[in-house]
Each structure stands twice: as structure tokens, then as C-alpha cells.
Amino acid sequence: MTIAVQVPPPAGQLPADFLWGYATAAYQIEGSPEADGRGLSIWDTFSRDPAHTEDGKSGDIATDSYARYEEDIALMKSYGVTAYRFSLSWSRIIPLGGKNDPVNPAGIAYYRKFMKALIANGIEPMCTLFHWDLPQALQDRYTGFCSRDIIEDFVNYAKVCFDNFNDLVNLWITINEPNVYALMGHCLGTQAPGRSSDRKISPEGDSSLEPLIVGHNLLLSHGAIAKLYREGGYKLPGKKLGIVINVNWGEPYDDTEESLEAAADFMSVTSEWYAHPVYCGDYSERTKRVIGANLPKFTPEEIELVKDSSDFFGLNHYTTYLIRRPSSEISGSNMLMRFMGNVETTVTYPDGTEIGPKAGLSWVRPVPWGFKKLLKYLYKNYGKDIYITENGVICPNEGSLPYPEILEDDYRISYFRDYVDQIIALKDSVPVKAYIGWSFLDNFEWQEGYTARFGVTYVDYEDNLKRYPKKSAIYMTEYMGKAIAKA
Ligand code: GBH
């Protein structure tokens, strides 16, 4: 099937070295959970309980990309991308995860073969060490990131990766969205390892404390890995390592002082919680005040370790919310609201208009102007080059439309185009170096199972996982091809 696309000229030019491509994560696409000696991860355990996903399905098969990597890379090449952001499965490389556990040569050989194939096709590997699929053995041994024991094991895993892949990787990402891993996995319990104070959800957990401890240990791990990378001789010219933080923009609901403060608290807790220690050292004063006494404390040595540990600002950004104080007192069980700054998010202005058109999932609406404000805010606060490591949306009804209508994803085209245009508009004032869309393929969307399709490539789950480019893939190939200057 050929899809006709009309691509108006881009609003301006991006530099020739601007990186463009798509992202995925190991557990969301690989499948083959037992291939080549892979160990179990917490996402195997979590998603094999049908109660944990929307369609009752796990990532056991996913898009079968572990086996089909050659086909996937060929398709990506046809899209004209210059980079691919993927993650490594820790339990393929060290099946039991820990520093005294054996390394798995077959897992290493696989990823080397895969990265070499990317490079042979002119695609720059952008490699994430940890996109949530912790080896189950470490969760069992000491409760994973709830324990400080994780730090040495994570550093050891990173060292094995640097020793084996650094010649092929110029762009390393330590952790994907520490805030989301901490909160979804240890406050709400809707993602692995599924811990929460709510005993209907989990037999163990403490939603008010564990996310803070997990967040702290993620930051300390990141700092220790960055130190190893820099002092261990891995940071060669042209190579970079950073962390990726998920930040939405919070716009005050109205112009009352109360809403302005609420929005400041929201931005503080949702982004500064991680960004401030990494770029400035220590938690910010506002974060300390908003979260309160339960927030762990860094020693002076730890502040030095974590400070300035990321070579760039890795940003996953999806949407914008209107922020106000909650109408009623926050109850003890609604801890998530506290971790968002004691605020309430809404998408409806006081006059009843909505912030953006409804998408295929309730939490994501296109609000390109919010992205623009966020880019300015992050550059002003942290002064770092920004790499957009995820950005994407689901079209309304995309979960239920049949093939081939489902390929006509004009809603996604507008979203991508409007978001890229913000980067172009700011090109002389905010240094954005990469734009990586989520996602290359429809895939296992965590707690949504296969019901939520974020891909620019349609995957037919009923017919041998065949891949079909959506209209957005074709559009973006032409749009970005024109927007990025020729070298
Ligand atoms: C990213 O997180 C992830 O990095 C990626 O793996 C994922 O596939 C992609 O988003 C698309 O979701 O269900 O109302 O509780 C983005 C941040 C935080 C957005 C958790 C969804 C759950 C909202 N995500 N959030 S809700």
C-alpha cells in the first residue's frame, strides 16, 4: 500500500549534525525471554500476571525484535534516521544482575552484532543502560533499588557495558526516567516491581517512603556510573553520557498567586527532584520544602558525586497540564499527588476550553507551546545542551481502528511537526541537539499491554507481527530530511 503525503517545507533549518530518529526499550520490543541465556527481569514477573496489563498480555513476544533486528534496522534505514535510541536488557548481559554473578557472553555478542548492524547502516546507536527491566534476582536479593546494594551492582553492569560496547557507542544514557520508575513502581504500583502501600495492589511497599529511597539510589547510581565513565578512560573525545528525565510542562490554571505557586511546586518536584542534584548538586530548596522530612539527605561527598554528572539534558517530553491546588485536602493514600507538588492537574481552563485535542490515552494531549516554554525553562535553569530522547502521542481511536485506515495517523503527524517546529523556532536561543520520537514501532506499552500504539510503524499482532509504515513515518522522513541541513 502506498500512502500519499503532502509535506510543506519546514519552518527553518536544523544544523547538519542534528540527530534524528526513534526510540524503543528492550522489554517493550525484544521478546525471546529465554534466548541466549537471558535471566528473568522484574517486567517478566510483573507482566506475566494478567491482572497487571490492560489486555492481560506480557512482553514475552512483544514485537519479536530480538529475532527480527535485521528487518527492523532495514526499515529504520528506509526512514532516513541518523540515530536509534534503544536499551540493553541487563539480564541478558548479567542474567542474575550482580557484581559477583557471571557475565553472559552470548548476550554481549548479540548486542555487539546488533550495534554493528546499526552503524553499518549509518545509524548512530544511542544506548540506554536501564529502561526499567531490572534483573529479578536483584529484586529478590535486596529489593532492587530500595537498597543501596544496587549501586555497586549497577556500576559493575555499566562497566561490563563500557568494556564491551564503548567502541561502538558515542552516546550513553544511564537511566530512563528515574521519576517514573520510582513512582509507578513504588508509589502507585502500576508498573514493575509493583510495590505500593495499597495492600489490594501489593503485599509489600510504602508509597510515602520507597519512591524517595528509590529515587535517591537511582541518583547515586547515576553519579557513580558517570564517575567511572569519566575516570575509567571511557569518555573519549566525541563521547557523552547522561541521564534522561521525563518532564511535562505545568502551566498555572489561572493567574491567581495560588495557581502560580502550585505550578512552581509541580515543576520543582517533577523535574528538579532529579535535575537539580544532577546539574546543580543536592535537592533544591523547593523540593526539600515540598517533599519534606522524608526526603533522604546526601552527604557532602555524595553531592559532589552526583553534581554535574550528565553531559547533556536528556528530555522525555509528552504533554502539558494546567496546575492548581486541590479543591479538597489530600488524603494520606493519594501520595502521588504529593509527589507532584501537592497539586491537581487538569486539561480544562476555567472558561471550559481544553488545553489540546484529546488523544488515544487520557494523559497525553498535544500542547506544542508548553514544549516551547519547557525548553526555555530547562535551558535557563541548567544551561545544558538538550537531547529530546522521547516525544510522541497516540491518535484518538488508534487502539480500535482496523488496517489499513490505522495507517492514516494525521493526528500524530501534526503532533510531531508542531513539536519539531518549536525546536526550530528556538534554534538560536536553546541548543537542542537531537529529536528522538517515541516510538519506532507499536510495542508493549507497559501496563497498557498492546492496546496503546505509539509507533510510526504499525505492527499487526494478528498476522505474524508484520510491520507497515504509518503515514507519519513517511511524512517525517521527508520533513526531517528537509529540515536538517546537508553536511
Ligand atoms: C515513556 O514514559 C516511557 O519512557 C516509555 O517506555 C513509554 O512507552 C512511553 O513513555 C509512552 O508511555 O497511566 O495515567 O498513570 C512517559 C511518562 C509516565 C507517561 C507514566 C504515562 C502513566 C500515566 N509516563 N504515565 S497513568
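For the chain, what's the radius of gyration and Dmax over Cα atoms, in angstrom?
Here Rg and the maximum Cα pair distance are 21.2, 61 Å.
I want to check the label-to-label distance for Asp460 and Glu231. Put each point 7 Å from Cα in the C-beta direction and report it in nm to one decimal.
Distance between the two pseudo-spin positions: 5.5 nm.
Given a Förster distance of 25 Å, report the FRET efficiency between Tyr349 and Glu258 from their Cβ-Cβ distance, rounded to the nearest 0.05.
0.95
Pop out the carbon and sulfur fraction of the accessible area of segment 399-439 as a percent, whole number, probe 1.4 Å.
That share works out to 48 percent.
When a/c is below 1.5 the answer is rounded, else prolate if a/b is larger than b/c, else oblate, so apply that to segment 208-274 with a ≥ b ≥ c taken from the square roots of the Cα gyration tensor eigenvalues.
Verdict is oblate for segment 208-274.
Magnitude of the Cβ-charge dipole of segment 1-60, K/R +1 and D/E -1, about the Cα centre, nearest 20 debye?
It comes to approximately 200 debye.
Return, ordered by residue number, the residues of segment 232-251 whose backbone nitrogen is under 18 Å from a label point located 7 Å along Cα→Cβ of Ala487.
237-240
When the Cα centres of segment 2-45 and segment 461-475 are compared, how far apart do they sit, in Å?
Result: 13 Å between the Cα centres.
What shape does segment 325-459 have by the C-alpha gyration tensor, where a ≥ b ≥ c are the square roots of the eigenvalues, rounded means a/c under 1.5, and otherwise prolate means a/b greater than b/c and oblate the rest?
Note, shape of segment 325-459 comes out oblate.
For segment 352-443, what does the accessible surface come to per residue with a 1.4 Å probe? Please give it in Å².
That works out to 37 Å² for each residue.
Taking only the Cα atoms of segment 40-194, how large is their convex hull per residue, in Å³?
For segment 40-194, the hull spanned by Cα atoms encloses 118 Å³ per residue.
Which ³J(HN,Hα) values in Hz, rounded to whole numbers, follow from the phi angles of segment 240-254 under the Karplus curve 6.51 cos²θ - 1.76 cosθ + 1.60, where θ = phi - 60° and Gly and Pro get x?
Rounded to whole hertz, the list is 9, 9, x, 10, 10, 10, 8, 10, 9, 8, x, 9, x, 4, 8.
Efficiency by 1/(1 + (r/R0)^6): what FRET value for Arg148 and Glu405, r their Cβ-Cβ distance, R0 = 35 Å, to the nearest 0.05?
FRET efficiency, Arg148 to Glu405: 0.10.
Report the Cα centroid-to-centroid distance between segment 435-460 and segment 86-116 in angstrom, as an integer.
Between the Cα centres of segment 435-460 and segment 86-116 lies a distance of 24 Å.
With a 1.4 Å probe and all protein chains left in place, how much accessible area per residue does segment 178-323 have, in Å²?
Using a 1.4 Å probe on heavy atoms only, each residue of segment 178-323 averages 35 Å².
7 Å from Cα along Cα→Cβ at both Trp369 and Asn100: what's the point-to-point distance in nm?
Output for this residue pair reads 6.0 nm.
If the viscosity is 0.692 mPa s and the temperature 37 °C, what Stokes-Einstein diffusion coefficient in µm²/s follows for segment 307-404 when Rh is the Kirkwood radius over Cα pairs?
204
Would you grab the residues whose amide H sits under 5 Å from the one on Glu445? Only those 5+ places off in sequence or on another chain, please, with H modelled 1.01 Å from N.
Tyr450, Thr451, Ala452
With no solvent and one point on each alpha carbon, what is the Debye value of log10 I(q)/I(0) for segment 383-487 at q = 0.19 Å⁻¹?
Taking Cα atoms of segment 383-487 as identical point scatterers yields -0.95.
Ordered by residue, what ³J(HN,Hα) values in Hz, to whole numbers, does segment 335-343 give under the Karplus form 6.51 cos²θ - 1.76 cosθ + 1.60, where θ = phi - 60° and Gly and Pro are x?
Per-residue couplings from phi come out as 5, 4, 4, 4, 6, 9, x, 6, 10 Hz.
Report, in deg cm²/dmol and to the nearest 500, the calculated mean residue ellipticity at 222 nm for the chain, where each DSSP H run with n ≥ 4 adds -39500 (n - 2.57) and the sum is divided by the residue count.
About -10500 deg cm²/dmol.
Go through segment 275-285 residue by residue and turn each phi into a ³J(HN,Hα) via Karplus (6.51, -1.76, 1.60, θ = phi - 60°); whole Hz please, and just put x for glycine and proline.
Result, rounded to whole Hz: 5, 5, x, 6, 9, 10, x, 6, 5, 6, 4.
So how do 200-210, 84-94 stack up, highest first, on mean other-Cβ count within 10 Å?
84-94, 200-210
According to the square roots a ≥ b ≥ c of the eigenvalues of the Cα gyration tensor, what is the shape class of segment 223-372, taking rounded for a/c under 1.5, prolate for a/b larger than b/c otherwise, and oblate for the remainder?
Judged from the Cα gyration tensor, segment 223-372 comes out oblate (a/c at least 1.5, b/c at or above a/b).
Between beta-carbons, use under 13 Å as the cut-off and find the net charge around Val420, counting Lys and Arg +1, Asp and Glu -1.
Charge balance near Val420 sits at +2.
Give me the net charge for the shell around Asn294: Cβ to Cβ below 12 angstrom, other residues only, Lys and Arg +1, Asp and Glu -1.
+1
With a bin width of 5 angstrom, please list the P(r) values of segment 1-130 as percents of all Cα-Cα pairs, from the 0 bin to the one holding the largest distance.
2, 9, 16, 19, 16, 13, 11, 6, 4, 2, 1, 0
Whose amide H sits under 5 Å from the amide H of Ile484, counting only residues 5 or more places off or on another chain, with H placed in the peptide plane?
Amide H to amide H, under 5 Å and 5 or more residues apart or across chains, Ile484 pairs with Leu14.
At 0.36 nm per residue, and after removing the present C-alpha to C-alpha distance, how many nm does the segment from Lys239 to Asn397 gain when stretched out fully?
Net length gain for the segment: 52.7 nm.
Straight-line reach from Lys227: which aspartates and glutamates fall under 17 Å, measuring Cα to Cα and dropping same-chain residues less than 8 apart?
Glu152, Asp153, Asp163, Asp282, Glu301, Glu302, Glu304, Asp308, Asp311
Based only on Cα atoms, what Rg/Rh ratio does segment 103-149 have, Rh being taken as Kirkwood's radius?
Using only Cα positions, Rg/Rh for segment 103-149 is 1.14.
So, by mean Cβ neighbours within 10 angstrom, what's the order for 450-459, 464-473 with the highest one leading?
So the order, starting with the most tightly packed, is 450-459, 464-473.
So, in Å, what gap is there between the alpha-carbon centers of segment 308-368 and segment 190-225?
Their Cα centres are 21 Å away from one another.
Take Ala11 and Asp418, extend 7 Å from each Cα along the Cα→Cβ direction, and tell me the distance between the two endpoints in nm.
1.1
Per the Kirkwood formula on distinct C-alpha pairs, the Rh of segment 398-453 is how many angstrom?
The answer is 13.5 Å.
List the residues whose amide H sits under 5 Å from the amide H of Thr457, counting only those 5 or more places along or on another chain, with H placed 1.01 Å from N in the peptide plane.
Amide H neighbours of Thr457: Leu441, Asp442, Lys470.
Pulled fully out, how much extra length does the chain show between Ala51 and Ala67, if you take 0.36 nm times their separation in residues and subtract their Cα-Cα distance?
Using 0.36 nm per residue and subtracting the Cα-Cα distance, I get 3.0 nm.
The values are calculated or read from the model by the stated rules, or taken from the named source; none is laboratory data. All values derive from a computational prediction rather than experimental measurement. We place every Cβ from the backbone using ideal geometry, glycine too, and count neighbours over all the protein chains shown. Heavy atoms of the whole protein, side chains included, go into the accessibility calculation; ligands, DNA and RNA do not. Shrake-Rupley method; radii C 1.70, N 1.55, O 1.52, S 1.80 Å.
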